[in-house]
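Take a look at the structure below.
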Amino acid sequence: MLLVADTKKAMGDKPVIVILETGRPVVLAEIEPNADAILLSFNVQHQALLDIISGQTEPSALLPMQMPADMKTVEEQLEDVPRDLRCYQDADGHTYDFAFGLNWSGIIDDARVKKYK
């Protein structure tokens, strides 16, 4: 996304945190190269996002859907078949599949993840 790239350029060495308000899958490959952090918001209160950014609250949410690797994946997806996407993998090797989440320690792997995987 051009806006994120322009922001990264304008910020210089300062970190760029992207907050995406969404209710559907997003192609993160277009955003990640210029973002130091990406938060996906599914219509939560803005104060909750500020608490995470400021370090007052540790992230604990899991993805409620798969994030596609690219637009080709989106176009090939079968709307009536669950979990059939090739999921996005970030620069650190994390795969953005259903029930994926990160906290300050790394990948969230708790009872919720075990239940949904």
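The values are calculated or read from the model by the stated rules, or taken from the named source; none is laboratory data. What you see is a predicted model, and the numbers here were worked out from it, not measured in a lab. FYI the Cβ positions are ideal-geometry reconstructions off the backbone, even for glycines, and counts take in every protein chain you see.
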Legend entry - Of all residues in segment 21-57 being of a type in the set (D, E, K, R) and assigned to a helix (DSSP H, G or I), the one that is modelled with the lowest pLDDT: Glu30
Inset, instruction - Might you let me know whether segment 7-20 holds any residue that is touching a residue at least 12 places away in the same chain (Cβ under 8 Å), of a type in the set (Lys, Arg) and in a loop (DSSP other than H, G, I, E, B)? - result: no
Inset, instruction - Please determine, by comparing only the residues of segment 68-117 that are within 18 Å of the chain's Cα centre (by Cα) and of a type in the set (Gly, Ala, Ser), which one is modelled with the lowest pLDDT. - result: Ala91
Legend entry - Arg83 vs. criteria part of a helix (DSSP H, G or I), charged (D, E, K, R) and touching a residue at least 12 places away in the same chain (Cβ under 8 Å): no
Legend entry - Among the residues listed as Asp80, Asp70, Asp84, the single one being surrounded by fewer than 16 Cβ atoms within 10 Å (Cβ to Cβ) and either closer than 18 Å to Leu20 by Cβ or small (Gly, Ala, Ser) (or both): Asp70
Inset, instruction - Filter segment 86-117 down to residues that are polar (S, T, N, Q), outside any loop (DSSP other than H, G, I, E, B) and out of contact with any strand residue (DSSP E or B) (no Cβ under 7 Å at 6 or more places or on another chain), then give me how many there are. - result: 1
Inset, instruction - Search segment 28-52 for residues that are on the phi > 0 side of the Ramachandran plot and pair each with any residue that is in a strand (DSSP E or B) and of a type outside the set (A, V, I, L, M) when their beta-carbon atoms are under 9 Å apart and the residues are at least 6 apart or on different chains. - result: Asn43/Glu21
Inset, instruction - Mind listing just one residue for me: the one in segment 37-57 that is surrounded by fewer than 17 Cβ atoms within 10 Å (Cβ to Cβ) and under 12 Å from the mean Cα position of the chain (by Cα) and, of those, nearest to Leu102 (Cα to Cα)? - result: Ala37
